[in-house]
Amino acid sequence: MKRKPPNPTWNTRASTYPTFLRFAIPVATVLLAFGIKLQLESLFHLETPYLVFFASIMISAWYGGFKTSLLATVLSTVLIFYFFLHPDHNSFIIHNIKEAIEISIFLIEGILISVLSQFAHNALRKSEIKNIELKRSREHYKLVVDAVKDYAIYTLDPDGYITSWNKGAKRIKGYKAKEIIGKHFSIFYPQERINKKDPWNVLEIAEEKGRFEDEGLRIKKDGSAFWADVVITSLMDDQGKLQGFSQITRDMTKHRELDKRKDEFISIASHELKTPITSIKVFNQIMQKLSLQRKDKEFQHYLNRMEGQIDRLNEIITDLLDVSKIQAGKLEFKKDLFNLNDLTREIVEDIQTTTKKHRIIIEGKSLKKIFGDKDRIGQVLTNFLTNAIKYSPNTDKIVVKIIPQKNRVMVGVQDFGIGISKEHQEKIFERFYRVYTEDEKTFPGLGMGLYISSDIIERHNGKIWVESEKGKGSTFYFTLFYTKT
Ligand code: ADP
């Protein structure tokens, strides 16, 4: 379809009249005024007023604008000058100063009316343009919002009552606009969330922060539930006063089912892989024994390397299993009191054997035992240390800091490697998140270690975070309480 560029000139009252009318108006109205004035004079012998001529100037100004009213002013001046200025003569002669002032005042007033009318026209034109733009943008907005069928888009007043409703909302939630407008949006929430006052709490957060994202079950008109992804945005006026909220909801039920199936697949696949890998490892150990008896050095070398790769494969599968357990809420912990200093030393010694380049130093000590799952905390430390080695290929120092605090201990693993830029620092704790810039893409990994670590620490009520500067290195921290929390 060939599209024309938009016409930049907007229609206003003055410009809609044809040119001949714009000049006919002053001529006709001035002649009418002239007639009325003649009548008034013959009836009442009035010397003044020229008021009828002002009426003609004003009418011309209103319908024709500046030029038209100026023409009316000039015509009126000429007529007044000739016929009415001097009561006894019809002429263009000024007899005294009074007449000169009189005609000048009329002319000035006429011009003034013309100029003012021009200002009025401009203001009117601007407000008309604004109104048209506003109307168009409202229509556009409505068209766009209504065309969106995959998202429920609706607005709320500041108290949470629904004020608008698009077709997507009707499709997803089942209510027609006239059924739902005016109802409170908590109608979409399951009862247990209403009991917890969640709908009111989320509006408070959205008002405070400007935006709130939520995922969870919502109820349709027919009572069935769907999994929703919701974004609530507060709508403020120019003075920062809350006008209401916009809500955009997406039905994620299918995505969630797909995600669940994917998680189940990962869980089954990693279980299935575990058995053959264990067998391969056993066969490898048998072959290592045989090669030792046969004193075949080359064979031994390759079997050792094979064992390294089997261990690596085992680690990946164990991580995959852990990730699927976390997803299913089935990662279990055996918590007890343990000595963090001993655990750190053991792990550092183990990891030190895997690197010739890096020197791992331990600084500080925990003053008390820690309450937690020793193996899982060891897993976090191992993850921090293997990452520190992996992501600092050009430096040789790694520092493990144990910093005792009042009722807990803080552990940090510092490297002087490639570092992580600000934008990625929170995301690296998410599932399968890896930084993929030029600096990082050569390092192997699947983005599971920190996700597992953060779940382990959070399930111990601790905190996990990173402090890092791109190109200078990173320190990964976690905190743990001394006693049960
Ligand atoms: P991966 O197996 O990819 O290393 P992790 O979950 O352990 O998975 O880490 C996630 C991402 O965080 C990594 O891909 C890497 O980009 C970044 N990262 C983790 N540790 C460090 C570190 N010490 N220095 C720089 N980047 C790191």
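Restricting attention to the range 428-450, the residues that are among the β-branched types (Val, Ile, Thr) and either surrounded by 19 or more Cβ atoms within 10 Å (Cβ to Cβ) or within 6 Å of the ligand (Cβ to nearest atom) (or both) add up to 2.
Taking every residue in the range 384-403 that is outside any strand (DSSP E or B) and pairing it with any residue that is of a type in the set (Phe, Trp, Tyr) and near the ligand (Cβ under 8 Å from one of its atoms), at least 6 positions away or on another chain, the pairs with Cβ-Cβ distances below 9 Å are Phe384/Phe476; Asn387/Phe476; Ala388/Phe476; Lys390/Phe443; Tyr391/Phe443; Pro393/Phe443. Taking every residue in the range 431-451 that is touching a residue at least 60 places away in the same chain (Cβ under 8 Å) and pairing it with any residue that is among the β-branched types (Val, Ile, Thr) and more than 6 Å from the ligand (Cβ to nearest atom), at least 6 positions away or on another chain, the pairs with Cβ-Cβ distances below 7 Å are Arg431/Val323; Leu446/Ile316; Met448/Val323; Tyr451/Val323. Inside the range 410-441, residues that are closer than 17 Å to Ala388 by Cβ and assigned to a loop (DSSP other than H, G, I, E, B) make up a count of 10. Here the condition is being farther than 18 Å from Phe245 by Cβ, within 21 Å of the chain's Cα centre (by Cα) and in contact (Cβ under 8 Å) with a residue 24 or more places away in the chain; of Asp222, Asp150, it holds for Asp150 alone.
Evaluating His95 against the criteria (1) over 59 Å from the mean Cα position of the chain (by Cα); (2) in a helix (DSSP H, G or I); (3) surrounded by 12 or more Cβ atoms within 10 Å (Cβ to Cβ); (4) of a type outside the set (Ser, Thr, Tyr) leaves one unmet condition, (2). Here the condition is being in the same structural domain as Tyr154 (by TED's automatic domain parsing), in a loop (DSSP other than H, G, I, E, B) and in contact with a strand residue (DSSP E or B) (Cβ under 8 Å, 6 or more places away or on another chain); of Gly244, Gly240, Gly216, Gly182, it holds for Gly182 alone.
When only residues in the range 451-477 that are within 11 Å of the ligand (Cβ to nearest atom) and of a type in the set (Gly, Ala, Ser) count, which is farthest from Ile361 (Cα to Cα)? By that ranking, first place goes to Ser454. Only a single criterion out of (1) more than 30 Å from Glu264 (Cβ to Cβ); (2) touching a Phe, Trp or Tyr at 6+ places or on another chain (Cβ under 8 Å) is not satisfied by Glu430, namely (1). Within the range 191-203, the presence of a residue that is assigned to a strand (DSSP E or B), touching a residue at least 40 places away in the same chain (Cβ under 8 Å) and either touching a Cys at 6+ places or on another chain (Cβ under 7 Å) or of a type outside the set (Asp, Glu) (or both) is excluded. When the criteria are applied in full, Ile403 fails the requirement of being in the same structural domain as Val348 (by TED's automatic domain parsing), closer than 18 Å to Gln379 by Cβ and modelled with pLDDT of 95 or more.
For (1) touching a helix residue (DSSP H, G or I) at 6+ places or on another chain (Cβ under 7 Å); (2) loosely packed, with under 13 Cβ neighbours inside 10 Å; (3) touching a residue at least 60 places away in the same chain (Cβ under 8 Å), each residue gets a yes or a no:
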| position | (1), (2), (3) |
| --- | --- |
| Trp227 | yes, no, no |
| Lys241 | no, yes, no |
| Phe245 | yes, no, yes |
| Arg250 | no, no, yes |
| Glu257 | no, yes, no |
| Ile268 | no, yes, no |
| Leu273 | yes, no, no |
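As for the range 408-424, it holds at least one residue that is within 13 Å of Phe478 (Cα to Cα), away from the ligand (no atom under 12 Å from the Cβ) and at pLDDT below 95. Pairs are defined by a Cβ separation below 6 Å, a sequence spacing of at least 6 or placement on different chains, a first member in the range 350-372 that is aromatic (Phe, Trp, Tyr), and a second member that is not in a strand (DSSP E or B); the pairs so defined are Phe371/Thr483; Phe371/Lys484.
Taking the criterion of being modelled with pLDDT of 85 or more and acidic (Asp, Glu), the only residue of the range 74-118 that qualifies is Glu109. Could you tell me whether the range 291-313 includes any residue that is closer than 30 Å to Arg256 by Cα and surrounded by 12 or more Cβ atoms within 10 Å (Cβ to Cβ)? Yes. Taken over the range 347-362, the criterion of being outside any strand (DSSP E or B) and more than 18 Å from Gln379 (Cβ to Cβ) is satisfied by Thr355, Lys356, Lys357, His358.
Within the bounds of the range 361-368, is there any residue that is more than 21 Å from Lys335 (Cβ to Cβ), in contact with a Lys or Arg (Cβ under 6 Å, 6 or more places away or on another chain) and surrounded by fewer than 14 Cβ atoms within 10 Å (Cβ to Cβ)? Yes, the range 361-368 contains a residue that is more than 21 Å from Lys335 (Cβ to Cβ), in contact with a Lys or Arg (Cβ under 6 Å, 6 or more places away or on another chain) and surrounded by fewer than 14 Cβ atoms within 10 Å (Cβ to Cβ).
The values are calculated or read from the model by the stated rules, or taken from the named source; none is laboratory data. Keep in mind that what you see is a predicted model, and the values were worked out from it rather than measured. Positions of Cβ are generated from backbone atoms using ideal geometry, with glycine treated the same way; all protein chains shown enter the neighbour counts.
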